[in-house]
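The values are calculated or read from the model by the stated rules, or taken from the named source; none is laboratory data. This structure is a prediction, so every number in the text was calculated from the model and none was measured. As a convention, Cβ positions derive from the backbone with ideal geometry for all residues, glycine included, and neighbour counts pool all protein chains shown.
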Amino acid sequence: MRILILALTVAFSASHAAADISWQADRMAPGSIMVMEDSQGRLTHVKRGTEAGQHVFDLFDGEGRAARYVGSYTVNGRGDVTSTVAADGAVTRFTPHRCSRTPGKCQFTITHADGFVEPRTRVTRPTASGLAWQEYGLDGLIAEGALELDRIGAAKKGWKKDRRGKGKTRTRRVMIALR
């Protein structure tokens, strides 16, 4: 009986741990760096800090001194994007958030910089190594993909494809430097 209880405890603990798809951005101190690469090149994410309980990251095209600032984004405590700011200052808001780290069916709206409001639904499910997702708009499936996550929920590698199944993009993390 003890072995059965121990086995059930381990099984439930393992499934709970595997189900946590949050990105623990609070474990990245200001100045922490994450570099992601895809067929278009490398993007460097640098944690700027926190503002009003949100984690703020600056985004650069490339890496090192030659990298060009392309904008910033904020994430909540689970790692769901709440807003993006383009290099020219254009703000896009996600209400209540982008739903990228929320398991199950999650509905949100995108308020684009020009004021256009767009409803979206994202279905995200935990997998053995991270998460898989599908995103829907008014016309049905918009995109789908999957991410492999590390111990703090940061992306290690993944893929995304558009609604037509074309334009599949693969990404991989080149480096992470936590402060």
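Which of the residues that make up region 72-98 are small (Gly, Ala, Ser) and in contact with a Phe, Trp or Tyr (Cβ under 9 Å, 6 or more places away or on another chain)?
Result: Ser72, Gly79, Ser83, Ala87.
Counting just the residues of region 25-51 that are among the polar types (S, T, N, Q) and modelled with pLDDT of 95 or more, which one comes out nearest to the chain's Cα centre (by Cα)?
Ranking the qualifying residues of region 25-51, first place goes to Thr44.
Hey, any hits in region 16-31 for a residue that's assigned to a strand (DSSP E or B), in contact with a strand residue (DSSP E or B) (Cβ under 8 Å, 6 or more places away or on another chain) and either in contact (Cβ under 8 Å) with a residue 24 or more places away in the chain or crowded, with 17+ Cβ neighbours inside 10 Å (or both)?
No: zero hits.
Can you name the condition, by its number, that Thr44 falls short on among (1) touching a Ser or Thr at 6+ places or on another chain (Cβ under 9 Å); (2) free of Cβ contacts under 8 Å to residues at least 24 places away in the same chain; (3) within 19 Å of Gly153 (Cα to Cα); (4) surrounded by 16 or more Cβ atoms within 10 Å (Cβ to Cβ)?
(1)
Quick check on my filter: what residues within region 131-151 are under 19 Å from Arg78 (Cα atoms) and over 12 Å from the mean Cα position of the chain (by Cα)?
Within region 131-151, Gln134, Glu135, Asp150, Arg151 qualify.
If I ask for residues that are more than 18 Å from Ala177 (Cβ to Cβ), modelled with pLDDT of 95 or more and not acidic (Asp, Glu), which ones from region 53-74 would you list?
Within region 53-74, Gln54, Arg68, Tyr69, Val70, Gly71, Ser72, Tyr73, Thr74 qualify.
Got a number for residues in region 87-119 being touching a residue at least 24 places away in the same chain (Cβ under 8 Å) and under 19 Å from Ala143 (Cα atoms)?
Counting residues in region 87-119 that are touching a residue at least 24 places away in the same chain (Cβ under 8 Å) and under 19 Å from Ala143 (Cα atoms) gives 6.
Can you tell me which residue within region 53-82, out of those that are in a loop (DSSP other than H, G, I, E, B) and not small (Gly, Ala, Ser), is nearest to the chain's Cα centre (by Cα)?
My answer is Asp80.
Look through region 151-179, keep the residues that are surrounded by 14 or more Cβ atoms within 10 Å (Cβ to Cβ) and not in a strand (DSSP E or B), and return whichever of them is modelled with the lowest pLDDT.
The qualifying residue modelled with the lowest pLDDT is Arg163.
Out of all the residues in region 53-66, is one or more surrounded by 18 or more Cβ atoms within 10 Å (Cβ to Cβ), touching a residue at least 12 places away in the same chain (Cβ under 8 Å) and among the β-branched types (Val, Ile, Thr)?
yes
So that you can scan it fast, the table gives a plain yes or no per residue for (1) more than 16 Å from Ala155 (Cβ to Cβ); (2) within 12 Å of the chain's Cα centre (by Cα); (3) in a loop (DSSP other than H, G, I, E, B); (4) of a type in the set (Val, Ile, Thr):
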site: Thr84; (1), (2), (3), (4): yes, no, no, yes
site: Asp88; (1), (2), (3), (4): yes, no, yes, no
site: Phe94; (1), (2), (3), (4): yes, no, no, no
site: His97; (1), (2), (3), (4): yes, yes, yes, no
site: Ser100; (1), (2), (3), (4): no, yes, yes, no
site: Phe108; (1), (2), (3), (4): yes, no, no, no
site: Pro119; (1), (2), (3), (4): yes, no, no, no
site: Thr124; (1), (2), (3), (4): no, yes, no, yes
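Quick one: Asp139 ticks every box in (1) in contact with a strand residue (DSSP E or B) (Cβ under 8 Å, 6 or more places away or on another chain); (2) surrounded by fewer than 14 Cβ atoms within 10 Å (Cβ to Cβ); (3) among the acidic types (Asp, Glu) bar one, so which box is it?
(1)
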